[in-house]
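Accompanying notes for the structure given below.
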Amino acid sequence: MNSRASGDGSNDRSSLALLTLAALGVVYGDIGTSPLYAFREAFSGEHGLPVTQANVLAVLSMMFWSVTLVVSLKYVTIVMRFDNGGEGGILALLALALRLTRTQPRLTWTVGMLGIFGASLFYGDAIITPAISVLSAVEGLSVATPAFEHWIVPITIAVLVGVFAMQSHGTSVLGKLFGPVTVLWFLVLAVLGVISIAQTPAVLAALDPRHALGFAWHAPGLTFLVLGAVFLALTGAEALYADMGHFGATPVRLAWFGLVFPALMCNYFGQGALALRDPAAIKSPFYLLAPQELLIPLVVLATIATIIASQATISGAFSVTNQATRLGYLPRVPTRHTSETERGQIYIPQVNWTMLVLVILLVLAFKTSTAIAAAYGIAVSGTMVLTTALIAIVSISMKKRPNPLFLLLLALIGAVELIFFLANATKFADGGWFPLACGLVLFVLLTTWKRAAATLTALEIAKRVPLDAFPALCSADIPRVSGTAVFLTPDPDSVPTVLLHNLKHNKVLHQRIVFLTIANEDVPRIPDIERTEVRVIERGCVYQATLRYGFMEQPDVLTGLKLLERHGLHFDTLDTTFFLGKATLARAAKRGLFTWRRELFRWMQRNSPAPAEYFGLPPDRVIELGTRVTL
């Protein structure tokens with residue numbers, strides 16, 4: 001009995017080890033590549049500090065305590081407790097907050113705006129991360145030999161094209177390599193850092209927060225500017241929360257405290273030690289930690305690590321898009337699952353190729369990682385501030401008397417993040433405008449679609465006939481045709497408008513009619529046993545069925561219809577016709593202040609894919625009837 005228990009424990013430990021290894025490859029790619037540029041940027045550019053012992057120790061102290069407070073304490077220790085059915089990320093947190101505040105309309109509106117703007121800023125981060133990560137890695141070639149100086153941008157673009165091109169094949173095969181390669185990367189970071197620290201152990205004095213506080217006290221204005229560079233050490237922290245649903249909180253925490261955090265700090269302090277020995281090394285402190293003969297292998301390893309970091313943000317953009325669609329903030333977009341076992345591995349062509357174009361334009365416009373660094377922090381710091389605000393709202397809504405010490409701690413963290421955001425905002429003209437512009441465009445798109453779609457739905461509901469009144473509409477003289485008609489409708493309590501239009505124009509009804517509602521729930525996933533619900537309106541003739549899906553799931557109507565068999569409903573695809581309705585917004589009769597939003601919605605609607613494609617319906621069994629709505 002004891003041996004069996006021991007075996008079970010061994011299996012649990014083995015599973016935990018594998019999850020931790022996988023988490024290293026997916027979660028920490030972004031923050032793990034920050035040593036390529038973060039420390040250097042504090043001493044570069046127009047507002048760069050002179051390379052003195054006091055300045056080096058102050059910057060390292062700021063980095064250490066910022067990472068400890070924001071990443072270790074906030075994200076790894078606190079934020080991971082606020083999951084939505086095991087899922088993390090700002091949209092999962094938004095869904096949880098909306099569910100908790102739905103009885104307070106004004107607070108619900110505020111929560112929605114905070115969450116959507118945070119998600120919009122994430123896209124700016126997702127575009128910048130591949131550009132700055134790969135570019136900073138390839139720049140190591142110019143350190144190895146100046147002959148590569150003119151090839152940095154072309155090689156970067158070639159690598160990026162390869163990264164985005166492989167997305168359609170999925171990451172299941174490549175993903176198996178992510179964990180071991182990332183472990184190697186962090187071990188190399190640690191070893192290079194420890195060797196350098198051993199040569200100049202005085203750098204460890206930066207662990208004392210008084211170096212950071214003293215610098216801030218004597219030079220508050222300069223500190224404010226330097227914080228923009230210090231913040232680069234925190235980029236990627238949002239991934240800890242966003243990807244927790246794939247691995248669970250424990251593996252993510254083990255990976256952070258067991259390897260990632262120590263390795264990062266060793267490398268940053270190693271770069272600081274090198275700068276103390278040779279101030280000229282600040283031009284590329286990461287690569288100059290390595291011996292000359294190991295530079296090329298290090299560049300190759302760094303490039304692979306940045307590809308992994310890019311993969312994490314690209315996959316994150318797919319996930320955020322999918323969640324936004326499921327929560328009603330974007331039109332339905334074609335989504336392909338690239339793995340038969342992992343539901344989180346998806347591919348969205350429109351998002352993929354749009355991101356590639358923007359990333360290449362970003363590289364061509366900025367040309368160096370130092371130039372892109374100015375644009376990087378503002379999107380991430382903005383998302384962090386909004387996440388902290390949503391956490392506070394959720395914690396207050398979940399408990400009648402929330403812990404005041406906890407709220408005070410959140411306020412402290414939020415204040416630090418707000419300072420980081422303001423520090424990054426000073427780089428607005430140097431490139432910070434780019435992620436804000438991306439976020440603003442996405443915010444307008446998301447809110448416009450949500451508002452217009454809600455308006456159209458409300459108008460349709462106002463015209464609908466209650467479902468219980470349907471049998472009375474079916475007079476005996478209406479001809480019946482053989483087969484089953486499935487009418488997709490968002491409202492389970494009303495007769496679908498598309499049926500009324502079909503009856504008006506074709507003057508027939510099918511022998512069996514099923515009103516089908518696809519319900520979007522604000523939880524990540526719904527178990528199949530809870531997915532279906534059937535109401536009998538007229539036995540053998542008329543039914544109302546509901547298929548429920550979480551915001552992390554992709555609706556599949558044909559698979560869902562098979563689940564209805566346990567309710568006694570059997571479907572033959574060749575004998576079933578699917579009726580879809582589409583309400584479009586008419587042009588404005590008179591132009592006004594917000595006419596552009598109406599035209600934007602019309603453009604989004606014209607360019608969104610057909611519902612039949614999104615729901616996986618056979619195109620030769622679909623009839624779509626449209627109505628035009630005038631406001």
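Every number in this text was worked out from the coordinates using simple rules, so none of it is lab data. Worth saying up front: this structure is predicted, and the values here are computed from it rather than measured. FYI the Cβ positions are ideal-geometry reconstructions off the backbone, even for glycines, and counts take in every protein chain you see.
Worth a mention:
- As a length-normalised measure over Cα pairs under 8 Å and 6 or more apart, the relative contact order of the chain settles at 20 percent.
- Cα centre as origin, Lys/Arg/Asp/Glu Cβ charges: the range 348-503 dipole, Debye: 360 debye
- Column: log10 I(q)/I(0), Debye, Cα scatterers of the chain, q = 0.11 Å⁻¹: -1.08
- A Förster radius of 56 Å, combined with the Cβ-Cβ distance separating residue 210 from residue 148, puts the computed FRET efficiency at roughly 0.85.
- Neighbours of residue 369, meaning other residues whose beta-carbon lies under 13 angstrom from its beta-carbon, give a summed charge of +1 when Lys and Arg score +1 and Asp and Glu score -1.
- The chain: calculated mean residue ellipticity at 222 nm from DSSP helix runs of at least 4, using -39500 (n - 2.57): -19000 deg cm²/dmol
- With the charge dipole of the chain set up from +1 on Lys and Arg Cβ and -1 on Asp and Glu Cβ about the Cα centre, the Cα lying farthest toward the positive end among the listed residues 542, 321, 469 is that of 469.
- Put in line by how crowded their Cβ is, counting other Cβ atoms within 10 Å and starting with the fewest, 528, 556, 243, 572 read 572, 528, 556, 243.
- Rounded if a/c under 1.5, otherwise prolate or oblate - the range 269-428, Cα gyration tensor axes: oblate
- Angle between the chain longest axis and helix 172-199 axis [Cα atoms, degrees, rounded to 10]: 20 degrees
- Size of charge dipole - the range 493-552 - debye, nearest 20, with Cβ of Lys, Arg +1 and Asp, Glu -1, no other charges: 360 debye
- Gyration tensor (alpha-carbon) shape descriptor, the range 134-284, a/c threshold 1.5: oblate
- Neighbour-count order for 384, 62, 113, fewest beta carbons within 10 angstrom listed first: 113, 62, 384
- Nearest 10 degrees, 0 to 90: helix 404-425 Cα axis against the chain principal axis: 70 degrees
- Count Lys and Arg as plus one, Asp and Glu as minus one, and take only other residues whose Cβ is under 11 Å from that of residue 99; the net charge is then -1.
- Entries of 367/427; 450/582; 74/399; 507/582; 427/450; 463/562 with Cα pairs more than 26 Å apart: 427/450; 463/562
- Ranking of 44, 133, 168 by count of other Cβ atoms within 10 Å, fewest first: 168, 44, 133
- The range 464-629 shape via C-alpha gyration tensor axes, a/c threshold 1.5: oblate
- Label zone at residue 158, where the point sits 7 Å out along the Cα-to-Cβ direction: the range 296-315 residues whose backbone N lies under 17 Å: 296-297, 299-304, 307
- The C-alpha atoms of the chain define a longest principal axis, and helix 152-165 lies at about 30 degrees to it.
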